[in-house]
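Quick note: the coordinates plus some simple rules give every number you see, no bench work behind them. If you're wondering where the values come from, they're calculated on a predicted model, not measured in any experiment. Virtual Cβ from ideal backbone geometry, glycine too; neighbours counted across all protein chains shown.
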């Protein structure tokens, strides 16, 4: 049982050993497999049976050689069935109920982040400055983020930094920098680092001020994030259930003149 009073006061709760590590391993292994298929296709690796270090170094080479391919692979990660299954798991939903969400609903699609300075063209691509997730979601006032590490994330790997109790300040003043909404002023001395291990889960208010820690290693920080609204929140009801995320398809064909009848025969005439 968690201390609801402490959660409401601090705006977060860290649950140790909350998720079976086999579930986490499945998500990460499938995410890696997506990259490995393309890394082998373009001859950046000779076999998919490689070490973690070799895999990470191959991703850094992919960033330099074909950034668009890296982006496409990264987008496929967000649609892993195993990732979505975890976001809908009874264990997480039950915890949301315990934290006060009477009618939890998916806020935005689940996401996987893989962060290192060598995988970003700008600092904001791999190290998010101080922000509140509510600024981009604008859902229920009790909306929650579930932040789950896919590997152990100590301070040196960029563990999340938060300001306990900052959710009680409401929405803070923002400015746009590098196309990213960041807080104008942050009390850096109040930030604390939240080190986590695989299997842990951090539940926090979407209004809690947080930022990425500084990954000073050559390793990649892997994590997944889920966001939930509460349909029963009065403010959400009164505002007509606003939804701020827009998903739309590409306007043009990514691969011109594809597929042709010959391509279809290759698939369906086997």
Find how many whole Å separate the alpha carbon centroid of the range 192-257 from the alpha carbon centroid of the range 88-128. 4 Å
For the range 183-270, just run the numbers: alpha carbon Rg, then divide by 2.2 N^0.38 Å, N being how many residues it has. 1.88
Per residue, the convex hull enclosing the alpha carbons of the range 105-199 has a volume in Å³ of 128 Å³
Could you compute Rg(Cα) / (2.2 N^0.38 Å) for the range 1-159, with N its residue count? 1.17
Using Cβ contacts closer than 10 Å as the measure, can you line up 247, 180, 72, 228 from fewest to most? 247, 72, 180, 228
Sorting check: for 255-263, 168-176, 15-23, which peptide has the highest mean count of neighbouring beta carbons within 10 Å, and how do the rest follow? 15-23, 168-176, 255-263
Please report 126, 147 as a ranked list, fewest other C-beta atoms within 10 angstrom at the top and most at the bottom. 126, 147
Extending each Cα 7 Å along its Cβ direction at residue 190 and residue 37, get the distance between those two points in nm, one decimal. 4.6 nm
Let me check the size of the range 86-131 from its C-alpha atoms; what are the radius of gyration and Dmax in Å? 15.4, 42
Kirkwood hydrodynamic radius (Cα pairs, Å) of the chain? 20.2 Å
Give the shape of the range 110-154 as rounded, prolate or oblate, defined through the alpha-carbon gyration tensor: a ≥ b ≥ c are the square roots of its eigenvalues, a/c under 1.5 means rounded, and otherwise the shape is prolate if a/b is larger than b/c and oblate if not. oblate
Length gained if residue 75 through residue 247 is fully extended, taking 0.36 nm per residue and subtracting the Cα-Cα distance, is 60.6 nm
